[in-house]
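One structure is given here, and the rest of the page talks about it.
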Amino acid sequence: MGTPVAALIQFQGFGFQYPGSPAPVIRDVNLEVQAGHFVAIVGGSGVGKSTLLRAAAGLSQPSFGHLRSNLQDSPGRRANAFVFQDSRLLPWRRIAANVAYGLEGLGLSRQEREQRVEAALNQVGLAHLKDRWPHQLSGGQVQRVGIARALAVQPDLLLMDEPFSAVDALTRQALQDELVQVWQRSSAAVLFVTHDIDEAVFLADTVIVLGGSPAGVSARIEIDLPRPRDRNTARFGELVKEVGQAL
């Protein structure tokens with residue numbers, strides 16, 4: 001047998017409580033993300049989905065338990081990258097300059113930065129729009145730029161906080177399809193927060209359901225569907241129902 005591969009991140013009895021709050025928002029969470037794995041977290045508002053993402057990014061520390069990380073920045077790369085719901089593009093920078101923003105401070109030459117930006121924009125199909133301003137793009141294109149900016153730093157872990165919730169249903173499905181293709185071409189693992197059950201089942205290898213107060217893991221559901229996935233199959237509907245019943 002081969003040597004077991006250590007998880008990129010591992011929550012062990014993890015809990016978080018805001019200072020001055022009478023109770024934790026989340027407690028006793030056990031969860032790991034392996035290299036190359038796609039994990040979706042679903043749950044209602046206020047159950048701590050984004051809290052787990054912030055902790056995974058190193059932006060907050062556990063109040064209880066442990067968060068073990070094998071992520072490390074390396075020359076020219078960042079260990080993790082965030083994609084937000086609102087994309088957070090800088091309106092005074094053109095698209096290429098927005099994608100290049102995350103590369104600042106990595107010690108790359110100008111040529112290396114330009115090559116990374118071009119490659120990332122090609123991955124999301126927007127290289128032809130690199131000289132436009134953010135206000136000239138559609139909502140779906142803006143989100144693609146946010147993904148390209150994250151991919152440009154070549155992360156081991158991509159953290160995504162409801163990135164498609166602000167676009168219309170048709171655009172959302174198209175972005176889901178494209179995200180799967182981008183993820184499969186990269187070597188990154190993904191930790192993806194969503195309140196959309198169909199989205200979680202379509203995207204993830206594993207769906208983690210959070211519930212309760214304080215919140216904890218209500219269910220851990222492995223998605224046994226082949227890729228590319230068909231949203232109209234009976235098995236897809238069964239898994240959506242299973243996740244929904246666990247909420």
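Annotations for the structure displayed:
- The chain, accessible area per residue, ligands and nucleic acids excluded (1.4 Å, Å²): 48
- Note, ³J(HN,Hα) from phi for the stretch 54-61, Karplus 6.51, -1.76, 1.60, rounded to Hz, x at Gly and Pro: 4, 5, 4, 7, x, 8, 8, 10
- Axis angle, to the nearest 10 degrees, between helix 110-123 and the longest C-alpha principal axis of the chain: 60 degrees.
- Principal-axis tilt of helix 139-152 within the chain, Cα atoms, nearest 10 degrees: 90
- Translational diffusion of the stretch 1-56, µm² s⁻¹ [Kirkwood Rh, Cα pairs; Stokes-Einstein; 20 °C; 1.002 mPa s]: 166
- Cα gyration tensor shape for the stretch 94-201, rounded if a/c is under 1.5, else prolate or oblate: oblate
- Kirkwood Rh, Cα atoms: Rg over Rh of the stretch 12-123: 1.04
- Share antiparallel - DSSP beta bridges, the chain, percent rounded to 5: 45
- Accessible-area composition of the stretch 180-240, carbon plus sulfur, in percent [1.4 Å probe]: 48
- Legend: P(r) of the chain from all alpha carbon pair distances, 10 Å bins from 0, whole percents, reading 7, 30, 35, 22, 6, 0.
- Rounded to the nearest 20 debye, the dipole magnitude of the stretch 161-247 is 160 debye, with +1 charges on Lys and Arg beta carbons, -1 on Asp and Glu beta carbons, and the Cα centre as origin.
The values are calculated or read from the model by the stated rules, or taken from the named source; none is laboratory data. Values in this document were obtained by computation on a predicted structure and should not be read as measured data. Virtual Cβ from ideal backbone geometry, glycine too; neighbours counted across all protein chains shown. What goes into the accessible areas is simple: the full protein's heavy atoms, side chains included, and nothing from ligands, DNA or RNA. Shrake-Rupley method; radii C 1.70, N 1.55, O 1.52, S 1.80 Å.
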